[in-house]
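Here is the structure we will look at.
We did not get these values from a lab; they are worked out from the coordinates using the rules stated. It should be emphasised that the depicted structure is a prediction, and the values quoted were computed from it without experimental measurement. Positions of Cβ are generated from backbone atoms using ideal geometry, with glycine treated the same way; all protein chains shown enter the neighbour counts.
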Amino acid sequence: MVVLVTGALGQLGQSLQFIASQYPEMQFIFASSQDLDITNEERVTSFFENNKIGYCINTAAYTAVDKAESEIEKAHLVNVTGPKNLAIACQKNNAVLIHISTDFVFNGTSEKPYLEADATNPIGVYGQTKLDGETEVVSNCNKYYIIRTSWVYSQFGNNFMKTMLRLAQDRTELNVVADQIGTPTNAVDLAGAVLEIISSDFKHSAHDNYGIYNFSNEGICSWYDFAVEIFKQNNINIKVNPIPTEAYPTPAKRPGYSVLDKSKIKSTFGITIKNWQEALAQTKI
């Protein structure tokens with residue numbers, strides 16, 4: 001079972017490498033953007049032709065939410081053209097595509113956790129390009145799992161947790177937005193869920209589970225709550241002030257509420273999901 005991981009140097013790519021040894025039945029090919037530029041159709045085509053790929057996990061993405069507002073073409077290239085190229089290659093080579101998407105496909109006005117079938121309505125360029133990428137996957141590939149996730153962090157790469165810990169080194173006080181509600185996702189937990197899906201897909205001959213799934217850790221919090229818990233678990237004494245979104249203006253709007261309902265992925269694949277505080281406690285830098 002050959003598993004290609006694109007975007008191998010990103011948070012999720014590194015998290016997959018971190019747990020890969022737990023899945024000896026899988027032969028991984030970890031490809032960074034230098035190894036495989038997913039925006040280049042010819043390179044994607046030849047890469048698939050030269051490697052007998054059974055599964056492709058696309059973790060490559062343009063995730064700079066604010067920069068996307070001014071770098072529209074760049075975001076589109078990575079988030080839309082790239083997934084399209086991979087979907088076409090997977091379809092041609094009878095491979096399964098696992099594509100990672102985001103809570104930003106929703107507008108954040110819901111008052112209950114989002115289901116996979118709920119109406120999408122992105123409020124920024126990043127969310128729109130990720131939704132368009134989903135559309136390309138669905139349009140060009142029969143065998144796919146699209147996994148929407150939120151607030152991803154880990155011991156790898158750049159993320160909110162690591163930013164908070166860095167800022168706390170030379171500050172005694174921080175202001176953090178308290179009216180954006182969602183759920184943090186430990187990238188290692190997400191990686192585990194992805195590989196469990198592949199394992200399940202490989203073992204069962206009746207592949208009727210393709211489609212869109214939500215995954216994050218369990219529970220609900222604000223960015224303020226998340227920051228407070230980060231400092232608490234790391235025994236850091238710092239004053240954290242809750243502020244409204246208006247007090248911290250950014251080029252891109254954020255969903256006010258983006259909690260994801262995980263019922264489908266849990267019932268379909270029997271995946272057990274940790275509470276976000278527990279997942280955070282298991283993350284060591």
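Relative to the longest principal Cα axis of the chain, at what angle does helix 187-203 sit, 0 to 90 degrees, rounded to 10?
It is inclined by approximately 30 degrees.
Assuming 0.36 nm per residue, please report the length gained on full extension of the stretch F160 to K67 beyond their Cα-Cα distance.
Working: separation 93, 0.36 × 93 = 33.48 nm, distance 1.65 nm.
Gain on stretching F160 to K67: 31.8 nm.
Name the residue, out of G270, G133, G13, whose mean-square fluctuation peaks in a Gaussian network model built on the chain with Cα pairs under 10 Å.
G270
With contacts defined as alpha carbon pairs under 8 Å and 6 or more residues apart, what's the relative contact order of the stretch 91-182 in percent? Don't skip to the end; give the middle numbers.
Numbers: 82 pairs, mean separation 31.0, N = 92.
RCO, the stretch 91-182: 34 percent.
Given contacts defined as C-alpha pairs under 8 Å and at least six residues apart, what's the relative contact order of the chain, whole-number percent?
Working: 553 pairs, mean separation 60.1, N = 285.
Dividing the mean separation by the residue count of the chain yields 21 percent.
Just report the Cα centroid separation between the stretch 131-146 and the stretch 158-180, whole Å.
Between the Cα centres of the stretch 131-146 and the stretch 158-180 lies a distance of 35 Å.
Can you give the longest run of the chain that contains no GluC sites (Glu not before Pro) sitting in a DSSP loop with at most 13 other Cβ atoms inside 10 Å? Before the final figure, lay out the partial values.
Values: sites that count: E25, E111.
Longest stretch, sites excluded: 112-285.
Counting Lys +1, Arg +1, Asp -1, Glu -1, what net charge surrounds Q155 among other residues with beta carbon under 11 Å of its beta carbon? Don't skip to the answer; put the middle values down first.
On the way: positive: K162, K284; negative: none.
Result for the local shell: +2.
Rounded to the nearest 0.05, what FRET efficiency do K112 and E246 give with R0 = 25 Å and r taken as the Cβ-Cβ distance? Could you check?
Details: r = 24 Å, r/R0 = 0.98.
The formula returns an efficiency of 0.55 here.
Under a straight-distance cross-link criterion of Cα-Cα below 14 Å, which aspartates and glutamates are reachable from K262, leaving out those fewer than 8 residues away in the same chain?
Partners found: D103, E116, D118, D189, E218.
Taking a ≥ b ≥ c as the square roots of the Cα gyration tensor eigenvalues, with a/c under 1.5 meaning rounded and otherwise prolate when a/b beats b/c, else oblate, which class fits the stretch 76-135?
On the way: a/c = 3.77, a/b = 1.84, b/c = 2.05.
Oblate.
Where in the stretch 241-285 are there trypsin sites (Lys or Arg not before Pro) that are in a DSSP coil and have at most 11 other Cβ atoms within 10 angstrom of their Cβ?
Values: sites: K253, K262, K264, K266, K274, K284; in loops: K253, K262, K274, K284.
Listed in order of number, the matching sites are K284.
Could you name the lysines in cross-link range of K84, using Cα to Cα under 19 Å and dropping any fewer than eight places away on the same chain?
Straight-line reach from K84, under 19 Å: K74, K92, K130, K143.
Using Kirkwood radius over Cα pairs in Å as the read-out, say which of [x] 20.6; [y] 18.8; [z] 19.3 was calculated from these coordinates.
Given [x] 20.6; [y] 18.8; [z] 19.3, the calculated one carries the label [z].
How high is the relative contact order of the stretch 12-151? Use alpha-carbon pairs under 8 Å, at least six apart in sequence, and give a whole percent.
Values: 192 pairs, mean separation 36.9, N = 140.
About 26 percent, as a whole number.
How high is the FRET efficiency from Q91 to S21, r the C-beta distance, R0 30 Å, rounded to 0.05?
Numbers: r = 30 Å, r/R0 = 1.01.
Approximately 0.50, to the nearest 0.05.
For the modelled label position 7 Å from the Cα of S32 along Cα-to-Cβ, which residues of the stretch 70-99 have backbone nitrogen atoms closer than 16 Å?
No residues fall inside that zone.
For the chain, modelled as a GNM with alpha-carbon contacts under 10 angstrom, which of N217, N237, N159 fluctuates the most?
So, out of N217, N237, N159, the one fluctuating most is N237.
Take every DSSP beta bridge whose two residues both sit in the chain, then give the antiparallel share in percent to the nearest 5.
Numbers: 2 of 35 bridges.
Of the beta bridges lying entirely in the chain, close to 5 percent run antiparallel.
Can you return the aspartates and glutamates within cross-link range of K52? Criterion is Cα-Cα under 14 Å, with same-chain partners fewer than 8 residues away left out.
Hits, sequence-local ones excluded: zero.
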